[in-house]
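Below: the structure, in structure tokens.
The values are calculated or read from the model by the stated rules, or taken from the named source; none is laboratory data. None of the values given here were measured: they were computed from a predicted structure. Here the Cβ is made from the backbone with ideal geometry for all residues, glycine too, and neighbour counts use every protein chain on show.
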Amino acid sequence: MAYELEAVIGEGKALSTVAKDLPGARLTSIGQGLALMPMTKALADSVADSSGEGVLGFWRLPGGFEETLAAWSAGGPMAYVEAEYFGGVGEQRAAVWDGGTLVLGPLHLEEGQAPPPVGTPISQALRRLGVRVSGREDEFSAAGLDRHRQSEAWID
């Protein structure tokens with residue numbers, strides 16, 4: 001079964017403040033004070049500038065959106081994450097902005113690469129956002145990112 005995620009994750013209040021006037025922005029709480037905003041086509045169209053593709057090596061990061069994320073991060077850290085898996089094989093990408101600066105990444109875990117000892121890119125980003133784990137779970141599970149298998153399902 002496939003898994004795909006393209007989303008912005010940040011502190012719930014900070015993310016809802018910046019997203020309130022964006023067409024296509026839909027937020028959902030993922031726990032631990034965080035919210036997730038799936039990168040829908042409508043949202044991508046509303047935040048893209050005319051520069052084309054983003055410059056950080058992501059699949060769907062709209063051109064110029066990295067500057068928007070940097071500006072948003074003045075209100076608290078913001079992560080942009082992407083994952084695509086099928087049958088347990090896939091890739092992840094993540095970056096975190098805080099205080100207007102890129103503070104983590106961009107991190108890439110390519111197909112066939114073993115995750116580093118510090119965790120996958122998304123787990124590292126979530127840790128930077130303050131996600132706490134218990135037991136044997138990682139940040140990905142602790143934040144509940146395994147609840148849905150498709151980005152669009154977060155807004156249903």
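Quick notes on this structure:
- Residue list for the stretch 111-146, restricted to those being of a type in the set (D, E, K, R) and under 25 Å from Glu67 (Cα atoms): Arg127, Arg128
- Only a single item in (1) modelled with pLDDT under 80; (2) in a helix (DSSP H, G or I) is not met by Ser50, and it is number (2).
- Residue match in the stretch 118-125 (condition: exposed (fewer than 13 other Cβ atoms within 10 Å of the Cβ) and farther than 18 Å from Ala95 by Cβ): no
- Scanning the stretch 1-47 for residues that are closer than 13 Å to Pro62 by Cα and assigned to a loop (DSSP other than H, G, I, E, B) yields Met39, Thr40.
- Test: residue in the stretch 83-90 that is crowded, with 21+ Cβ neighbours inside 10 Å, within 11 Å of the chain's Cα centre (by Cα), closer than 24 Å to Ala19 by Cα and modelled with pLDDT under 85: no
- The stretch 112-144, residues that are more than 13 Å from Ile30 (Cα to Cα), in a helix (DSSP H, G or I) and either modelled with pLDDT under 85 or small (Gly, Ala, Ser) (or both): Ser123, Ala125
- Residue within the stretch 93-111 that is touching a strand residue (DSSP E or B) at 6+ places or on another chain (Cβ under 8 Å) and in a helix (DSSP H, G or I) present: no
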